[in-house]
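Structure, as structure tokens:
The values are calculated or read from the model by the stated rules, or taken from the named source; none is laboratory data. Note that the structure is a prediction, hence the values are computed from the model and not measured. When we count neighbours, we look across all protein chains shown, and the Cβ atoms used for this are built from the backbone with ideal geometry, even at glycine.
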Amino acid sequence: MYRSLFPRDIFAEMDRLQHDVQQAFDLSPTIRGFARNGFPALNVGSTPQALEIYAFAPGVDPASLEVNLERGLLTIAGERKSALPEAGGSKASVHINERFDGAFRRVMTLPDDADPEAVQAKLKDGLLHITVQRRASAQPRRIAIQ
């Protein structure tokens, strides 16, 4: 019977390794922005009245989350604990661990018309929704002609 000298998925492993190395050195901006591998993943959008920021942070304890706004910089920081067994007394071994755990920090610059006094943050089911209202002076308005 024919036996291969290589594991069956060696090419898949080499492809994964090449992809990881390429992402580590790829710093060019894309439509998704610079931090493609950042945690938590962000969706950012805007309306004429507000900026809407969604941070996907499943498994994060709400008590460990911090949202700060200072000098036009919005910071989302916190920590996600590992759900894996500890290596100390356990006989379990981990073969693949693709879930991020540990401390994280995401920082984004807000536009000049963002109102730092009108910010709301809500966490539900691992989705952090931050709404930053725009200043009333920056709102579009119709000017009456006299």
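Hey, any hits in the stretch 44-58 for a residue that's out of contact with any Pro (no Cβ under 6 Å at 6 or more places or on another chain), modelled with pLDDT under 90, more than 27 Å from Arg135 (Cα to Cα) and not polar (S, T, N, Q)?
Yes, the conditions are met somewhere in the stretch 44-58.
For the stretch 114-146, how many residues are loosely packed, with under 11 Cβ neighbours inside 10 Å and modelled with pLDDT under 90?
We begin by selecting, within the stretch 114-146, every residue loosely packed, with under 11 Cβ neighbours inside 10 Å; these are 117, 122, 124-125, 137, 140-146.
Add one more test, that the residue is modelled with pLDDT under 90, and what stays is 137, 140-144, 146.
Residues flagged as loosely packed, with under 11 Cβ neighbours inside 10 Å and modelled with pLDDT under 90 within the stretch 114-146 amount to 7.
To keep it simple, each residue is scored yes or no on (1) over 18 Å from Val44 (Cα atoms); (2) exposed (fewer than 10 other Cβ atoms within 10 Å of the Cβ); (3) among the aromatic types (Phe, Trp, Tyr).
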position: Ala57; (1), (2), (3): no, no, no
position: Asn68; (1), (2), (3): no, no, no
position: Lys81; (1), (2), (3): yes, no, no
position: Asp112; (1), (2), (3): no, yes, no
